[in-house]
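The values are calculated or read from the model by the stated rules, or taken from the named source; none is laboratory data. The structure displayed is predicted, hence computed values, not measured ones. A quick note on method: Cβ atoms are made from the backbone with ideal geometry, for glycine too, and the neighbour counts reach across all protein chains shown. The accessibility values were calculated without ligands, DNA or RNA, using every heavy atom of the protein model including side chains. Shrake-Rupley method; radii C 1.70, N 1.55, O 1.52, S 1.80 Å.
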Amino acid sequence: MNILAIETSFDETAAAVVKDGTEVVSSTIATSKDFHDKYGGVLPDLAARKQLDFILPVITAALKPLSSPTATNSELLSSNQIDAIAVTIGPGLIGSLLIGVEAAKTIAYATGRPLIPVNHVLAHMYANFLSLPQITNHKPMVNFPAISLVASGAHTELFLMKSINNLVWLGGSLDDAAGECFDKTARLLGFGMRGGIAIQESAGNYKLPVTDYKPTLPRPLIRDNSFNFSFSGLKTAVLREVSKLKSQQQLNNITIQQLSYEVQEAITDVLVKKTLEAAQTYDVKSIMISGGVAANTRLRQKLAAAKGQFKLHIPPPAFCTDNASYIGAYAYFRGKPAIWQEVTAIPDLSVEIPE
Ligand code: KG4
Ligand code: ZN
């Protein structure tokens, strides 16, 4: 079964064709990230307008591998190799979501194919079920039950996965998400919109302190018994450190590297501690992580070192950050076709699946 999946929840426009929930036939992504740089944050209106510019070329590019090179756009869309259309309906920015949702509804309407609405955050974890022979050279075999951490720009959530389609939400972000903390810290340290990857690179250049400056940042909620997360205090602590360094004229490459290192340690310490605690509490067989922050090499390293009796699953970095292939995987394993007239964008779609 081939699913055409569409993802437009934020500043990426993505489409993919996924076969039987696991095989990525094609995956295309465009991003408006660079256009937002000068504003110091993603502008929702601009993101929506860029979604409009990108959506048709991106869908066309995702469909191309299924047809002859000379196929017209209408032949691509009506290709009988597509069995269903999946689309992210939330959570996300309303303007961005609407572009993908309306495009998907139009294709479903025109082709008569079923339309499957998808929750973006829940879908992230299904990147762990993609077999990516070109990258990982293996088919993932997840043993259940599993603990699943989703750490993205707007969400830090822990789930118990009893089977491939049976999820229970255990806890999540009370305020800023882990990715948001990376992003805000990156801006404070002068890395603009480059976010977590810039912090990772800067932290990687950290050497043993060559100055007396040795920042110690908080690990919020690390000793609390819940599976909730809170990173806004950590961001405020970085803001205070940056102001102090600036007032002492000490904000330089070395102190920036030291702060980047400590921020990355603080965030990953909390993520690893809570994930392992959940794994022990629920006596699971596997741990899986996903979302943009799962691309972080330090997080991957710490979990690999601490995994103990659990089997660890982490998608390749390019499948942790936003793309449409896991939207197609989720739709296959857990999605339910809906009547297209009833499908609508839901910016604050909840991820809190009860027991
Ligand atoms: O899942 P994602 O692509 O988009 C959302 O659904 O939000 O996640 C984006 C987040 C951003 O906060 C970005 O800074 C973070 O993932 N991120 C990273 C890394 N790569 C992306 N954070 C830490 N280390 C990385 N290597
Ligand atoms: Zn995402």
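Per residue, the solvent-accessible area of the range 304-352 (1.4 Å probe, heavy atoms of protein chains only, all protein chains present) comes to 50 Å².
Counting only residues at least eight positions apart within a chain, or on another chain, the aspartates and glutamates with an alpha carbon under 20 Å from that of Lys207 are Glu241, Glu262, Glu265, Asp269. The lysines whose alpha-carbon is closer than 21 Å to the alpha-carbon of Lys235, local same-chain residues fewer than 8 away aside, are Lys184, Lys214, Lys244, Lys246, Lys273, Lys274.
Placing pseudo-labels 7 Å out from each Cα toward the beta carbon at Lys285 and Thr106 gives an inter-label distance of 4.6 nm. The ellipsoid that matches the Cα gyration tensor of the chain has semi-axes, each √(5λ) in whole angstrom, of 36, 24, 17, with the longest given first. Full extension of the chain segment joining Asp224 with Arg187 gains 10.4 nm, where the gain is 0.36 nm per residue of separation less the Cα-Cα distance. Only one residue of Leu122, Pro69, Leu189 has its Cα farthest out toward the positive end of the dipole of the chain, where Lys and Arg carry +1 and Asp and Glu -1 on Cβ, and that residue is Leu189. Per-residue ellipticity at 222 nm computed for the chain from its helices equals -12500 deg cm²/dmol, with DSSP H segments shorter than 4 residues left out and the rest contributing -39,500 (n - 2.57).
About its Cα centre, the chain has a charge dipole of approximately 800 debye under the convention of +1 per Lys or Arg Cβ and -1 per Asp or Glu Cβ, with nothing else charged.
I'd like the distance separating the alpha-carbon centroids of the range 188-256 and the range 276-315, in whole Å. That distance is 23 Å. Work out the P(r) tail for the range 189-256: percent of alpha carbon pairs separated by more than 21 Å, whole number. Considering the range 189-256, 33 percent of its Cα-Cα pairs are separated by more than 21 Å. Excluding same-chain neighbours fewer than eight residues apart, the lysines reachable from Lys105 by a Cα-Cα span under 22 Å are Lys19, Lys50, Lys64, Lys336.
With a cut-off of 12 Å between beta carbons, the residues surrounding Phe129 carry a summed charge of 0, where Lys and Arg count +1 and Asp and Glu -1.
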